[in-house]
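Below is one structure; the comments refer to it alone.
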Amino acid sequence: MASESESSGHHHHAGGEARAENNGAGCRHGGDDGGGTPKTTLEIRYTKLFIDGRFVDAASGKTFETRDPRTGDVIARIAEGDKEDVDLAVKAAREAFDHGEWPRMSGSVRASSSSSQSCKKWLSFFPNGTRTRSTYSDRSMAYLSKMQERGRIMAKYAEGVERHADELAALESLDAGKPLAAARAVDVGECLGILRYFAGAADKIHGETLKMSRQLHGYTLREPLGVAGLIVPWNFPAIMFFSKVSPALAAGCTVVVKPAEQTPLSALFLAHLAKQAGVPDGVINVVTGFGPTAGAAISSHMDIDVVAFTGSTEVGRLIMEASAKSNLKPVALELGGKSPFIVFDDADLDKAVELAIGGNFFNKGEACVAGSRVFVQEGIYDRFEQKLADTMKSWVVGDPFDPRVNQGPQVDKAQYERVLRYIEQGKAEGATVLMGGKPCGKKGYYIEPTIFNNVKDDMVVAREEIFGPVMCLMKFKTVEEAIERANGTRYGLAAGVVTRDIDVANRMARSIRAGVVWVNCYFAMDRSCPFGGRKMSGFGKDDSMHALDKFLAVKAVVTPVHGSPWF
């Protein structure tokens with residue numbers, strides 16, 4: 001396989017003239033004044049697979065296109081990995097885990113020199129030439145002097161990401177259609193927070209001492225599982241890269257990452273930054289390619305010890321099946337959602353509307369936790385609907401590199417067409433379009449933010465995850481009705497509740513079957529808060545110390561205790 005050491009040499013215009021046409025409610029392209037935004041050139045430096053510390057061609061030599069969702073134009077051609085490449089990546093990860101230094105490092109964030117200095121100070125208590133000093137020095141001192149702790153390397157990795165924050169944000173905007181300001185503040189900011197959180201968590205992984213019922217001493221160890229296969233989605237490519245990679249690294253695992261074929265650029269760039277930070281070769285491997293080939297090879301691989309996946313429920317089923325048919329590797333799944341957002345009569349109207357808009361249309365609706373089923377109590381419903389429609393008049397859809405834009409294009413043509421099919425399905429079933437409901441502009445994958453009212457719970461648009469800028473607005477009467485309808489879904493990822501009544505808030509939080517319930521807020525994600533679903537939204541947690549669990553095995557160790565005065 002040919003090696004790529006520096007740059008792929010692709011250049012792409014990352015800015016562009018914002019289109020000025022007005023295509024209806026909520027769809028006003030930025031640049032109505034004709035000014036647009038200045039064109040800038042973004043160099044696409046990494047387009048090959050990253051295996052064992054090197055950028056290499058796919059074994060087959062094949063490539064695929066990644067496209068700019070603003071125009072449909074090709075950004076770059078990316079190496080198309082498949083089973084043979086996954087085998088090579090797993091081999092590198094296995095070697096790094098079984099024989100490399102990563103799982104054998106301390107988890108500490110302290111500089112390695114501090115460990116060396118501590119060792120020297122400890123040795124100073126022993127006279128030169130003693131057996132203890134000589135043995136310890138020969139076997140340990142040399143190792144400690146060169147060893148860099150996992151947490152320290154991860155912290156250095158975060159520093160590298162921060163230095164290249166603007167380039168990472170531009171890659172996310174170009175490849176995924178995210179507004180640049182949001183990519184810089186939210187996506188890159190979250191990447192840094194997650195990576196630094198788990199850098200700090202690396203030396204806080206410990207077992208427990210057991211109180212045995214007999215004359216035995218028992219304790220537990222929490223050991224890294226081994227090689228982790230990580231399959232990440234296209235809606236938050238960089239955030240989800242770090243949501244999976246960071247706890248795996250902190251636990252001492254090595255990883256093979258498959259980014260979504262729609263958005264491969266940031267994962268390859270982040271692999272380069274990992275190398276620069278001193279992550280040992282083979283610890284992080286990135287295989288770009290397609291789900292049915294590269295993704296399937298990871299899921300069914302006999303030498304991968306755990307798979308963590310974020311994506312659709314349908315693909316989650318396939319991954320579980322592949323695990324069952326191969327080596328019964330544990331699987332963690334963060335899957336789809338159809339989350340309820342419930343507004344009670346006593347809610348702050350302005351706040352409720354603001355949260356509903358953010359909960360639906362942030363990231364152009366491409367969010368698994370989107371609160372797309374908006375239930376509003378009948379006493380406030382009419383005012384809520386009017387306020388919502390009025391507020392959305394200022395919503396701007398357009399080029400994500402234009403700072404005036406709220407909503408960029410859908411990630412690719414397939415997703416664009418899928419969302420439009422759902423919109424037409426909603427119209428055919430009798431839901432009323434309050435606003436939007438059409439494509440936006442003449443080029444690219446833009447869709448008007450769409451709000452349906454007169455929606456019934458059994459309509460397809462109210463039952464299935466659309467993953468686009470589509471809101472279903474519905475009315476309810478009582479708390480009991482709200483609970484029943486909120487739970488009337490196969491999903492259980494998230495929910496939102498807006499009320500001033502603490503008793504109602506507590507009752508709703510305890511009654512809704514979801515992984516997270518946000519009260520008087522929405523999208524309140526935090527690296528310290530566990531995130532994951534129930535029912536067909538999956539199982540296993542991202543974020544918080546709970547995220548480490550999927551990458552660790554608990555081992556019990558028991559020895560007899562003879563002649564102990566107590567047990």
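Things to note:
- Proximal lysines relative to residue 393, as straight alpha-carbon distance under 21 Å, when same-chain residues fewer than 8 apart are discounted: 178, 351, 364, 438, 442
- Electrostatic tally near residue 373: other residues with Cβ closer than 10 Å to its Cβ, Lys and Arg +1, Asp and Glu -1, net +2.
- Given charges at Cβ of Lys, Arg, Asp, Glu: segment 62-111 dipole, positive-most of 78, 63, 107: 107
- Residue 266 accessible area, assembled protein chains, probe 1.4 Å, Å²: 0 Å²
- Taking the charge dipole of the chain about its Cα centre, with +1 at Lys and Arg Cβ atoms and -1 at Asp and Glu Cβ atoms, the residue from 205, 289, 221 reaching farthest to the positive side is 221.
- Screening the chain for whole DSSP H helices of 15 Å or more along their axis (Cα) with average Kyte-Doolittle hydropathy at least -0.5 returns 83-98, 165-176, 189-201, 237-251, 265-277, 313-325, 349-361.
- Per the Debye formula on identical point scatterers at the alpha carbon atoms of segment 339-527, with no solvent, log10 I(q)/I(0) at q = 0.15 Å⁻¹ is -0.84.
- Too-long pairs where the Cα-Cα distance tops 21 Å, listed order kept, from 83/555; 204/275; 48/83: 83/555; 204/275
- With all protein chains in place and a 1.4 Å probe, the accessible surface of the chain carries 52 percent carbon and sulfur.
- From helices alone, the chain scores -10000 deg cm²/dmol at 222 nm; the rule is -39500 (n - 2.57) for each run of n ≥ 4 DSSP H residues, then divide by the residue total.
- Value of Rg to Rh for the chain, rounded to two decimals, is 1.02; Kirkwood radius and Rg both from alpha-carbon coordinates.
- Note that segment 180-273 carries a Kirkwood radius of 15.2 Å, evaluated over its alpha carbons pair by pair.
- Span from the segment 238-309 Cα centroid across to the segment 327-388 one, whole angstrom: 31 Å
- The heavy atoms of residue 234 offer some 40 square angstrom of accessible surface to a 1.4 angstrom probe.
- Charged-residue dipole, Cβ positions (Lys, Arg, Asp, Glu), the chain about Cα centre, Debye nearest 20: 1760 debye
- Sorting 269-281, 376-388 by their mean Cβ neighbour count within 10 Å, with the most densely packed peptide first, gives 269-281, 376-388.
- Residues of segment 449-481 with an amide N closer than 12 Å to a point placed 7 Å from the Cα of residue 520 along the Cα-to-Cβ direction: none.
- Using a simple spin-label model with pseudo-atoms 7 Å out from Cα toward Cβ, residue 206 and residue 460 lie 5.6 nm apart.
- Amide proton proximity set for residue 447, modelled H, under 5 Å, gap of 5+: 410, 440
- Principal axis dimensions, segment 306-386 - Cα atoms, whole angstrom, descending: 56, 22, 16
- When the chain is described by a simple charge dipole with +1 on each Lys and Arg Cβ and -1 on each Asp and Glu Cβ, the residue from 309, 487, 279 located farthest towards its positive end is 279.
- Potential extension, residue 545-residue 221 segment - 0.36 nm per residue separation minus Cα distance: 115.0 nm
- Packing-based ranking, highest mean first, of 539-546, 61-68 given that Cβ atoms within 10 Å are counted: 539-546, 61-68
- Spatially, segment 537-567 and segment 429-479 are offset by 46 Å when compared through their Cα centroids.
- Overall, segment 339-527 carries a charge dipole of about 460 debye about its Cα centre when +1 sits on the Cβ of Lys and Arg and -1 on the Cβ of Asp and Glu, all other atoms neutral.
The values are calculated or read from the model by the stated rules, or taken from the named source; none is laboratory data. Just so it is clear, the structure is predicted and the values come from calculations on it, not from any experiment. Neighbour counts are summed over all protein chains in view; Cβ atoms, including those assigned to glycine, are modelled from backbone coordinates with ideal geometry. SASA here: full protein model, heavy atoms, side chains in, ligands and nucleic acids out. Shrake-Rupley method; radii C 1.70, N 1.55, O 1.52, S 1.80 Å.
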